[in-house]
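A quick write-up on the structure given underneath.
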Amino acid sequence: MKQSNQIGWAQVRAGIFIFLALLFIAGGVTIMGQKTKMFVTKGELQVVMADVAGLKIGAPVWLAGVDVGLVTDIQFDDPQKNNQVRIDLEVDRSSLKKIGSDSKITIKTRGLMGEKYVDITPSVSYSEKPPAVLYGTPVAKLDDVIQKAGTTF
């Protein structure tokens, strides 16, 4: 049998198709990386609160109304001593410089479906290294508001 070293038109079309598919996949990964901030350096921050009010892992973190990170873990801080809950946050490293001990951290609700998110007010000062652990402010629950309204009326 005689083998041919010539490339056929079908092989050229297959090569072009594979090249364009790889190019399309690489473009998709780049675009998704920008939307999810995959290529932005991140730092970690821990917040301790008495109640997380239904916050879930993957919830967004906002600093002055700007989406800067997300919740990576929620667990009891020290269950043998107290009932406080520790929230681990992954925040853009550049945004960490505007978070300090005077920042107010609360859990708020967004939209009609009640999606929870962590809201952080920026610190007055600019610091290179944020505190290791911050303490959040308690969340007003609907039951408490209804009870106070009932006693008022």
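The values are calculated or read from the model by the stated rules, or taken from the named source; none is laboratory data. The structure displayed is predicted, hence computed values, not measured ones. Here the Cβ positions follow ideal geometry from the backbone for every residue, glycine too, while neighbour counts run over all protein chains shown. These area figures cover heavy atoms from the full protein model, side chains too; ligands, DNA and RNA do not enter into them. Shrake-Rupley method; radii C 1.70, N 1.55, O 1.52, S 1.80 Å.
When the criteria are applied in full, D88 fails the requirement of being without any contact (Cβ under 8 Å) to a residue 12 or more places away in the chain and in contact with a strand residue (DSSP E or B) (Cβ under 9 Å, 6 or more places away or on another chain). As a summary of the residue check, W9 satisfies the conditions (1) modelled with pLDDT under 90; (2) of a type in the set (F, W, Y); (3) surrounded by 11 or more Cβ atoms within 10 Å (Cβ to Cβ) except for the one numbered (3). Does any residue of segment 128-144 turn out to be open to solvent by less than 60 Å² (accessible area, probe 1.4 Å), under 25 Å from G54 (Cβ atoms), in a strand (DSSP E or B) and not basic (K, R)? Yes, because at least one residue in segment 128-144 is open to solvent by less than 60 Å² (accessible area, probe 1.4 Å), under 25 Å from G54 (Cβ atoms), in a strand (DSSP E or B) and not basic (K, R). Within segment 47-57, is even one residue assigned to a strand (DSSP E or B), among the β-branched types (V, I, T) and within 13 Å of the chain's Cα centre (by Cα)? No, because not a single residue in segment 47-57 is assigned to a strand (DSSP E or B), among the β-branched types (V, I, T) and within 13 Å of the chain's Cα centre (by Cα).
Residues are listed down the side, and each one gets a yes or a no for (1) touching a Gly at 6+ places or on another chain (Cβ under 7 Å); (2) farther than 21 Å from K42 by Cα; (3) of a type in the set (D, E):
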position: P79; (1), (2), (3): no, yes, no
position: N82; (1), (2), (3): no, yes, no
position: V85; (1), (2), (3): no, yes, no
position: I99; (1), (2), (3): no, no, no
position: G111; (1), (2), (3): no, yes, no
position: E115; (1), (2), (3): no, yes, yes
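Here segment 104-153 is the region considered, the condition is being among the charged types (D, E, K, R) and farther than 15 Å from V61 by Cα, and the residue that is farthest from the chain's Cα centre (by Cα) is K148.
Checked across segment 77-98, the condition of being crowded, with 17+ Cβ neighbours inside 10 Å, part of a loop (DSSP other than H, G, I, E, B) and of a type in the set (S, T, Y) holds for no residue.
Annotation: of all residues in segment 58-76 being in a loop (DSSP other than H, G, I, E, B) and among the aliphatic types (A, V, I, L, M), the one that is nearest to E128 (Cα to Cα) is A64.
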